[in-house]
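Chemist: Shown below is the structure under consideration.
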Amino acid sequence: MMFARAGSCHPFLLFASVLLLGAATLPTAAAPPSGLSVEERRRFADAQLMFCFQGKGSCLPYDAGVLHEAYSRLPALRENRVIIAGNSSGSIAAAYFACFGFSDATVKHAVTRLTEGNRDAVRNMENPHSKLSKSIRGKPTEISHENLREYIAFALGVERWQDAKSLDEIVARSTAKPRYPIIIVSCNKEVLEDADASDGRASSRYKEFDLNTLTASWRPEVHEFYRAHPERFASDHPDLVLSDDRRIGRGVTYFVDRTMYALLSQIPPEERQADLRLIETAADVALAIKASVSEPTYFAPVPELQPDRLLVDSRQGDLGNVRKRTYYGGYIVAVPSQDVRRMLPGVRVFGTGFRHFALLSRSTVRDWLLADVELVAQRTEWWADLETYPDAEMESHMDFRDLTAQQEFEFGRRRAVECFAGHAGLPKFVARPKFDYPAAAAIMPAYAADDMFEKPEAPAIAQKSGKSGDVPARQPLKSNRGLGPLLTEPRHVP
């Protein structure tokens, strides 16, 4: 729930063994979205903001403070001209607003639930001394997803949840479904796992990771060896398929509603950063939250029981070189905006902020799960126009978890005020991604967006009411722009 990108709220990261949940027979998904209607294209052309709820461990009240201030200053939120995203604990608030939208009533309700919710189980689990003690005794540190009941009930609009005997019962009481564009991030365990079989603390160095597409591949010499010894491959990697291609698959899945599925699937598979998983029901939303919060040492990995809802390359339900899909938390991408900006060049990207990994946590995650999260962050944060990342004082409190919910709320609210005033909020270290230009099928904004491109002589901003194909090939998009034209004077929020 609250659960940060793994390791972001303590000085080191210890991993423990986890058990996968059992499979079950579920109904077949509906046919994949085939395209956008005229009305949906118009709504995307009108979208002005991508609002990213970024995971920060059990510090959900901080995001509530940022949300309160942002809602008072950004008409795009109040008008729901927004793409909503979330990773890790941020997936909870993202899911709620995707289902119920932004209004005075929903923001007030979210602030209340995020600041008054019971965080004890997760805060106790985050304690590094407790994690060390359990690890020494050979016990897992992960806690049950049942500890998410209050927060998943909030996300799904279930007011009467206390007497529910399980998460499944809470989901059954909900009629919620995504009504607004949503992305929730999770990483793909089978693709990224690269730990040495004899020492889970070290990397096998069998795989390599492409930062441009977030794709894992076999190293050339490893692929050559396994092609010569297929029986060894089958023994070493029973969940993977060995093909003529060194490529294994993408390290990330985006859980998306029907409209985002239709939008992002228009990006060529070789350029898209993530696989797409369609979410349509309350059960899908709950799965997305569990998948995104299930980082190592927090919650057990979550299996995908309906692979026919996945788009891995260009065919729905085809897992490619992976035999199954298991979700392992949303720590890897806190700003899932590259594919969105490429399809909607006009939108500005705002994040509630996250902490970068400590060096030991960073190296541990890289050894076990391949991707260097700092190098990924440098490329994803390139797209951020503003982030209300915690200041040094707040970070010190996050390490000790010694603030009340109201104090965390005030830290978030004050930080948002500082960032909106231009005193902070731009990432310090970024790296230009390879795909920094609009996709061929991009939908142009229906509003003035004079700073959409890096070069001022870019084509009259192509204001064609959301039509595609008006942008010269590979015209670089501008980023780190701030929220300037979207901000207004604070409005009273009841």
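Chemist: I'd like the accessible area for Arg481, computed on protein heavy atoms only with a 1.4 Å probe and all protein chains in place. Round to 10 Å², please.
Modeler: 40 Å²
Chemist: Moving on to the next point. On the accessible surface of the chain, probed at 1.4 Å, how many percent belong to carbon and sulfur atoms?
Modeler: Details: 9720 of 18970 Å².
Here it works out to 51 percent.
Chemist: Assuming a ≥ b ≥ c are the square roots of the Cα gyration tensor eigenvalues, decide whether segment 351-448 counts as rounded (a/c under 1.5), prolate (otherwise, with a/b larger than b/c) or oblate.
Modeler: Here segment 351-448 falls in the oblate category.
Chemist: With a Förster radius of 25 Å, plug the Cβ-Cβ distance of Arg160 and Thr112 into 1/(1 + (r/R0)^6) and report the FRET value to the nearest 0.05.
Modeler: Efficiency computed from Cβ-Cβ geometry: 0.95.
Chemist: How much FRET efficiency would the formula 1/(1 + (r/R0)^6) give for Ser198 and Asp104, where r is the Cβ-Cβ distance and R0 is 60 Å, rounded to 0.05?
Modeler: 0.55
Chemist: Right, another one. Would you calculate the separation in nanometres between label points at Arg179 and Arg227, each defined as 7 Å from the Cα along the Cα-to-beta-carbon direction?
Modeler: 5.4 nm
Chemist: Multiply the residue separation of Glu393 and Asp168 by 0.36 nm, subtract the distance between their alpha-carbon atoms, and state the gained length in nm to one decimal.
Modeler: 77.1 nm
Chemist: Under 5 Å between amide hydrogens, which residues at least 5 positions from Arg219 or on another chain qualify, with H placed 1.01 Å from N in the peptide plane?
Modeler: Long-range HN contacts for Arg219: Lys207, Glu208.
Chemist: Give me the three principal axis extents of the chain from the C-alpha atoms, as integers in angstrom, largest value leading.
Modeler: That works out to 61, 51, 44 Å along the principal axes.
Chemist: Then there is this: Compute the distance in nm between two label points, each set 7 Å from the Cα along the Cα-to-Cβ direction, one at Arg315 and one at Ser37.
Modeler: 3.1 nm
Chemist: Now a separate question. Which trypsin sites (Lys or Arg not before Pro) in segment 305-372 sit in a loop by DSSP (not H, G, I, E or B) and have at most 13 other Cβ atoms within 10 Å of their own Cβ?
Modeler: Arg315, Arg323
Chemist: Name the residues whose placed amide hydrogens come within less than 5 Å of the amide hydrogen of Val430, ignoring near sequence neighbours (fewer than 5 apart) on the same chain.
Modeler: none
Chemist: Using θ = phi - 60° and the Karplus relation 6.51 cos²θ - 1.76 cosθ + 1.60, list the HN-Hα couplings for segment 387-403 in order, rounded to whole Hz, with x at every Gly or Pro.
Modeler: Whole-Hz 3J(HN,Hα) from phi for segment 387-403: 9, 8, 5, x, 7, 4, 5, 5, 4, 5, 6, 4, 5, 9, 6, 10, 9.
Chemist: Can you pick out the pairs among Lys290/Lys478; Lys139/Lys324; Lys165/Lys189 whose Cα atoms lie more than 32 Å from each other?
Modeler: Lys290/Lys478
Chemist: Measure out, as a whole number of angstrom, how far apart the alpha-carbon centroids of segment 279-297 and segment 194-240 sit.
Modeler: After rounding, the separation between the Cα centres reads 27 Å.
Chemist: Now for a different question. Using only the Cα atoms of segment 237-394, each taken as one equal point scatterer with no solvent, compute I(q) by the Debye sum, divide by I(0), and report log10 of the ratio at q = 0.10, 0.18, 0.20 Å⁻¹.
Modeler: Rounded to two decimals, the profile gives -0.39, -1.35, -1.60.
Chemist: For Asp245 and His423, compute 0.36 nm times the residue count separating them, minus their Cα-Cα distance, and round to one decimal in nm. Intermediate results must be reported in sequence, preceding the final value.
Modeler: On the way: separation 178, 0.36 × 178 = 64.08 nm, distance 4.84 nm.
Full extension of this stretch gives 59.2 nm more.
Chemist: Search the structure for amide H atoms under 5 Å from the amide H of Ala195, placed 1.01 Å from N in the peptide plane, and list their residues when 5 or more places away or on another chain.
Modeler: Ser204
Chemist: With every protein chain present, what is the per residue accessible area of segment 47-183 (1.4 Å probe, Å²)?
Modeler: 34 Å²
Chemist: Which ³J(HN,Hα) values in Hz, rounded to whole numbers, follow from the phi angles of segment 160-167 under the Karplus curve 6.51 cos²θ - 1.76 cosθ + 1.60, where θ = phi - 60° and Gly and Pro get x?
Modeler: 9, 10, 4, 8, 6, 7, 7, 4
Chemist: Only bridges whose two residues both fall in segment 254-381 count here: according to DSSP, what percent of them are antiparallel, nearest 5?
Modeler: Details: 5 of 8 bridges.
Bridges in segment 254-381 that DSSP calls antiparallel: roughly 60 percent.
Chemist: Looking at the chain, what % of its DSSP beta bridges pair antiparallel, to the nearest 5? Could you put the intermediate results ahead of the total?
Modeler: Details: 21 of 42 bridges.
Of all bridge pairs located within the chain, approximately 50 percent are antiparallel.
Chemist: Using the Karplus curve 6.51 cos²θ - 1.76 cosθ + 1.60 with θ = phi - 60°, work out ³J(HN,Hα) for each residue of segment 171-183 in order, rounded to whole Hz, and write x for Gly and Pro.
Modeler: My calculation for segment 171-183 gives 4, 5, 7, 9, 10, 5, 7, x, 10, 10, x, 9, 10 Hz in order.
Chemist: Under the definition of Cα pairs under 8 Å and six or more residues apart, what whole-number percent is the relative contact order of the chain?
Modeler: With pairs under 8 Å counted, the relative contact order is 23 percent.
Chemist: Using a Förster radius of 35 Å, what is the FRET efficiency between Ser144 and Ser235 based on their Cβ-Cβ separation? Nearest 0.05, please.
Modeler: Working: r = 32 Å, r/R0 = 0.93.
Working from the Cβ atoms, E equals 0.60.
Chemist: Please state the equivalent ellipsoid semi-axes for segment 158-246: what are the square roots of 5 times the Cα gyration tensor eigenvalues, largest first, in whole Å?
Modeler: Values for segment 158-246, descending: 40, 17, 13 Å.
Chemist: Roll a 1.4 Å probe over the protein heavy atoms and report the accessible area of Leu375 in Å², nearest 10.
Modeler: 60 Å²
Chemist: Just going by the charge dipole of segment 283-358, with Lys and Arg at +1 and Asp and Glu at -1 on Cβ, which of Ser337, Gln306, Ser294 is farthest out on the positive end?
Modeler: Ser337
Chemist: Hey, what number do you get for the chain at 222 nm if only DSSP H runs of n ≥ 4 count, each worth -39500 (n - 2.57), divided across all residues, to the nearest 500?
Modeler: Working: 19 runs with 169 residues, N = 494.
Only helices count here, giving -9500 deg cm²/dmol.
Chemist: Right, here's the next one. What's the magnitude of the charge dipole for the chain around its Cα centre, counting Lys and Arg as +1 and Asp and Glu as -1 at the beta-carbon? Answer in Debye, nearest 20.
Modeler: 400 debye
The values are calculated or read from the model by the stated rules, or taken from the named source; none is laboratory data. Nothing here was measured: the structure is a model prediction, and the numbers come from that model. Cβ coordinates were reconstructed from backbone atoms using ideal geometry, including for glycine residues, and neighbour counts include every protein chain displayed. Please note that ligands, DNA and RNA were not included when accessible areas were found on the heavy atoms of the full protein model with its side chains. Shrake-Rupley method; radii C 1.70, N 1.55, O 1.52, S 1.80 Å.
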